[in-house]
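Worksheet: the structure to be examined is printed underneath.
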Number of protein chains: 2
Amino acid sequence: MTDALRKYTQEKIQKKDFDCAKEYTLSMFSGKYKIVIIYHLFHDGTMRFNQIQRLLDDATHKMLAQQLKELTADGLVTRREEIANNRKATYYSLTATGESLMPIIEDMFTWGTKRLEALELAGNFKLH
Amino acid sequence: MTDALRKYTQEKIQKKDFDCAKEYTLSMFSGKYKIVIIYHLFHDGTMRFNQIQRLLDDATHKMLAQQLKELTADGLVTRREEIANNRKATYYSLTATGESLMPIIEDMFTWGTKRLEALELAGNFKLH
DNA sequence: CGGTATCCATTCCGATACTG
DNA sequence: CAGTATCGGAATGGATACCG
């Protein structure tokens, strides 16, 4: 429903129906790899397409390109192309808007960590 | 990818690989209607299946049942059945764990509201 | 190197109908 | 009323190939 949610909120907004603020936010980072991309761009700074792909070893070329395109369209990420010696290099960076999502993502990290610890302690994963 | 993400994090966790805390949190509420269900259960309190469905006028019976089942399995929601005069009534409430997600959801609401205002002011939606 | 298009398997989800 | 099963169309996403 990732893309579906993005389309859904965009359509709502175009119809001037703004009653979807949390869904809109969710649609910003619920795409495949999006959270991780944002997270890495924040902590590691500007990166090239291939650098990002190497970081996300399971990410498909196609999917990564698509997600970066959406992140750019949504204003969370900027693209900068450089061409030298017939070699193209594309650099991606977080925008201020993208950075402003980090507190939420950090909170999600904290919540998840605590929750997983609690479940582990409760023995729900049969780890011990 | 909603369900895919849920499966993905569950598999990772079962393999004792806990390096997916933010994805795990995301998978808690990124299912169809999940955020809205949590939001309403928090603000309106315990509700029956049909009450929830009436609130989410576009929600399918099947989808709602499935999402509530997942929310229950994830420990965010509790189910209580009551049968009187051959009539079944199922009540859903938020658990403490479910409530602990609210700050994040409220932050998502705030972020989305501000962002949509900023875009509107910038004229990106051609509203004026 | 980075981006896009095509093809195809898999998954999602709505409609419908059937149980207790 | 609440939950589940089935079916079929739609959307997702991987593999691959092909442009700049």
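Just so it is clear, none of the values below were taken in a lab; they were calculated from the coordinates. Because the structure is a prediction, the values reported are computed rather than measured. Note that each Cβ is placed from the backbone with ideal geometry, even for glycine, and that neighbours are counted across all protein chains shown.
Structure notes:
- One Cα centroid belongs to the stretch A:86-115, the other to the stretch A:19-66; the line between them spans 8 Å.
- Exam field: A:ALA96 pseudo-label spacings to other copies (7 Å along Cα-Cβ), nanometres: 4.2
- Cleavage-rule hits (trypsin sites (Lys or Arg not before Pro)) in the stretch A:1-87: DSSP loop, at most 10 neighbouring Cβ within 10 angstrom: A:LYS15, A:LYS16
- Percent of Cα pairs exceeding the 30 Å cut-off, where the set is the protein assembly as shown: 33 percent
- Between helix A:2-14 and chain A: long-axis angle, C-alpha atoms, 0 to 90°, nearest 10: 70 degrees
- Minimum Cβ-to-axis distance in chain B for the rotation onto chain A, with residue, whole Å: B:SER30, 3
- Computed from the C-beta positions of A:SER100 and A:ARG80, the FRET efficiency with R₀ = 22 Å rounds to 0.60.
- Annotation: lysines with alpha-carbon distance below 16 angstrom to A:LYS114 (same-chain offsets under eight excluded): B:LYS16, B:LYS22.
- For the residues of B:36-43, the average number of beta carbons from a partner chain within 10 Å of their own beta carbon is 1.
- Projecting 7 Å from Cα along the Cα-to-Cβ direction, the label point of A:THR46 sits 5.8 nm from its equivalents in the other copies, listed shortest first.
- Reach of B:LYS88 by Cα under 28 Å, taken over lysines that are not fewer than 8 positions away in the same chain: B:LYS32, B:LYS34, B:LYS62, B:LYS69
- Exam field: A:ASN85 pseudo-label spacings to other copies (7 Å along Cα-Cβ), nanometres: 8.5
- According to the Cα-based calculation, Rg over Rh for chain A is 1.05, with Rh computed by the Kirkwood formula.
- Estimated inter-spin distance, A:TYR91 and A:LYS16, nm [label 7 Å along Cα→Cβ]: 4.2 nm
- With N counted as the residues of the stretch A:71-120, its alpha-carbon radius of gyration over 2.2 N^0.38 Å works out to 1.77.
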